Structures are given as C-alpha cells and as structure tokens.
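Any read-out appearing in this document is the output of simple, stated calculations on the displayed coordinates, not a laboratory observation. Everything quoted here is computed from the prediction, not taken from an experiment. All Cβ positions, glycine included, derive from the backbone under ideal geometry; neighbour counts span all protein chains shown.
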Amino acid sequence: MKRPTYTLPSIVKKVFRSGERSLPRTEICSRMEANELTALMDLDSATLLDKVLKMEQSPVRVASSEAIVEITYQPHQVYDLAYRFLRDTQTPKKLEQIVAELRRQTQFGWNQILRMLQLERDPRFVQYQGDDRWFLAEWTLANDQVYDFCRNNGITQVAARSLVHFLEQEVGIAADAAFLPMLDDRFRVEGDTLYIIVRSDVTDEELAVEEMAAADSSVSIANIESETEEVVPEQQEPIFTKGETNMTNATNVRVLEEVQQLLQQAISRLEGRNQEMAQEVVTHFQQSNMQAIEVLMKEKHKHEQIVLGIQQVLATSEQQ
C-alpha cells in the first residue's frame with residue numbers, strides 16, 4: 001500500500017504543537033502513535049525518534065535530561081520570510097525556489113541564505129518521502145477526502161483541465177490542502193487524465209494480496225529487463241491544488257525549475273568571479289598596472305549586466 005508519508009524528521013516535527021519547545025520522549029512517542037504518524041512505517045515510535053536524534057540536521061536533540069527532547073530551531077528572519085512565502089502562495093516549493101525569493105527580499109547572498117536556512121530544523125516546514133519540495137506543517141492532506149468522494153460518487157477519472165475546479169468546487173477541499181496523487185497508489189496519472197482506482201468490491205485483505213503479487217511481478221519483470229538494457233525510472237512531480245493549473249504542465253514545470261536552478265548557479269559563479277576580481281584589482285593597483293585594472297572593471301560591468309538580465313528572466317519565470 002502506497003500512501004503519502006512524511007519523512008522521519010517531519011514525523012517528529014508534526015508531533016510538536018505551536019509554542020512547544022520540548023517534550024518528554026514518552027509524550028513524543030505517544031503522540032506519534034495516537035496520530036498514526038508511524039502507521040505506514042516499519043519502525044516503532046521509539047526507534048524512529050532515536051534515528052532522528054542521530055541525524056546531522058536533526059530538528060530535535062536530547063535536552064539536559066535524557067528523558068526530554070527539545071527543538072533545535074533558532075528563530076531568524078530568513079525562516080519567517082520563507083514561511084510567509086509558502087503561506088502566501090499556498091504552494092509547496094523546492095529549496096532553490098525559496099532561496100531565490102529570499103534573495104529578492106533581503107541583502108543576503110545565495111550561499112549565505114543556504115547556510116542560514118536549515119528548514120530541516122524548523123517545525124513549521126515538512127516534507128513527504130519521494131518529494132523534495134517543502135510544505136507547511138499546518139497544511140492538510142486531501143488524498144483520503146478526494147478518494148472517498150470519488151468512490152462514493154462513482155467517479156473513476158477526471159480530466160486535467162478541470163482538476164482544480166473539481167477539487168475545490170466539487171470535492172470541497174480546503175485552500176491549503178495538498179493533493180499528491182503521484183505518491184498514492186489509489187490514483188494514476190496518464191496523459192491528461194487522473195484515474196481513480198476504485199476497489200469497493202475488494203476487501204482490504206484481498207487488495208493487500210494483489211498488491212504483493214503485483215510487487216513480485218514487477219520485480220521479476222525488472223530483473224528480466226535489467227539483463228538486456230538499463231531501465232531508467234521516470235520521476236514525476238506530485239500535484240498541488242494551488243498555483244498549478246493542470247497536470248499537462250508537469251513536464252514544463254520540471255524543466256522550468258531546472259532552468260531556474262541553472263540560472264541561480266550562473267549568478268553564484270558570476271558573483272564569485274567578481275569577488276576574485278576585486279582581489280586582483282588590489283594587486284594590480286599595488287603594481288600600478290592601470291591597464292589590467294581597466295580590463296577587470298570592464299569585465300565586472302559585463303558580469304553585472306549579465307546578472308541583471310538573469311534576475312529579470314528569473315523574476316518573469318516565477319510569475320509563470
């Protein structure tokens with residue numbers, strides 16, 4: 001059974017309520033189990049917590065007492081700006097998109113923001129396994145609601161062009177609810193259509209047997225194919241109800257995000273080169289080599305024009 005599942009650090013962060021900075025270990029484990037956060041995991045709550053505590057960028061740490069666990073997050077302006085960015089757009093974002101937005105709002109450079117913005121530590125941000133975007137912990141997940149609505153109303157497919165209207169107006173999901181069909185085996189996306197795998201006539205036990213058989217079959221097929229050619233799995237972006245018009249644009253969105261990342265890397269390299277040239281100017285000045293300084297200044301001006309052009313392209317792409 002495949003369902004959207006929080007990453008291990010996100011599971012622990014979901015346990016903490018607003019304003020809570022520390023909790024007893026027993027309370028954390030109790031809340032995990034009560035909220036069924038570990039229902040789809042092969043780990044018990046205590047083992048899961050221990051794993052998260054040992055992570056390098058863990059959102060929690062052991063307090064002065066071994067029985068108490070506390071949040072590692074320290075308040076900072078960049079975290080609040082990132083939070084407002086996701087809250088205002090009501091759309092999950094990749095780290096590169098968040099950093100690009102913060103660069104426009106602050107005087108910090110790309111690398112400075114990356115060093116300061118450790119979203120793994122902030123309990124307001126969570127991730128799902130298989131999805132590298134960041135969500136707000138306060139957002140709800142609409143997969144069960146969508147599936148139940150479709151099953152109860154005999155709906156087996158929805159056209160991509162009408163998906164947003166269907167989710168908001170017919171199903172009635174909340175404005176801040178995430179719908180992630182790519183991480184849920186009750187849904188399948190093919191071309192311009194979302195298919196709902198309705199199995200009302202099959203018991204949970206029978207469905208589990210079928211899923212195990214299908215998994216065994218997939219492994220066998222994969223083994224055969226691997227003997228003849230390399231199989232490259234296709235990765236698809238999950239869907240969110242806000243800020244994404246339809247699933248036919250999923251490929252374009254991925255390409256756009258890759259281009260944005262490359263452009264940001266180009267800006268970083270140009271800024272790095274400008275810093276190197278600043279040191280070279282000092283050296284040439286000490287040697288009274290004014291001709292070399294003039295060449296460097298022209299190159300610096302050219303770089304600044306290129307960076308300005310890239311930033312304009314990024315600003316336009318963010319509005320798409």
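Quick notes on this one:
- Put a dot 7 Å past the Cα of D42, heading toward its Cβ, do the same for T316, and the two dots end up 4.9 nm apart.
- Given in Å, the Rg to one decimal and the Dmax to the nearest whole number for the Cα atoms of region 108-207 are 17.3, 57.
- Size descriptor, Kirkwood hydrodynamic radius, that averages inverse alpha-carbon separations across region 1-72, Å: 12.3
- Summing charges over all other residues whose Cβ lies under 13 Å from the Cβ of E120, with Lys and Arg as +1 and Asp and Glu as -1, gives +1.
- Backbone HN-Hα couplings from phi across region 69-82 [Karplus 6.51/-1.76/1.60, Hz, Gly and Pro as x]: 10, 10, 6, 8, 4, 10, x, 7, 4, 5, 5, 5, 5, 5
- Computed from point charges on the beta carbon alone (+1 for Lys and Arg, -1 for Asp and Glu), the dipole magnitude for region 126-189 about its Cα centre is near 280 Debye.
- P(r) tail fraction, region 1-143 - alpha-carbon pairs more than 24 Å apart, %: 32
- Loop-located chymotrypsin sites (Phe, Trp or Tyr not before Pro) in region 151-197, at most 16 other Cβ atoms within 10 Å (DSSP): none
- With θ taken as phi - 60° and the Karplus curve 6.51 cos²θ - 1.76 cosθ + 1.60 applied, the whole-hertz 3J(HN,Hα) list for region 85-92 is 4, 5, 5, 6, 7, 6, 9, x Hz, x standing for glycine and proline.
- Taking amide H as placed 1.01 Å from N in the peptide plane, the amide H of T5 sits under 5 Å from that of Q129, each at least 5 places away or on another chain.
- Net lengthening on full extension, K51/Q157 (0.36 nm per residue, minus Cα-Cα): 34.1 nm
- For V62, the shell of other residues with beta-carbons less than 12 Å away shows a net charge of 0, using +1 for Lys and Arg and -1 for Asp and Glu.
- Coil-residue GluC sites (Glu not before Pro) of region 53-136, DSSP, other Cβ within 10 Å capped at 11: E56, E66
- Along its first, second and third principal axes, ordered by size, region 43-110 spans 42, 26, 20 Å in Cα coordinates.
- At an R0 of 22 angstrom, the distance between the Cβ atoms of E27 and F85 translates into a FRET efficiency of 0.10.
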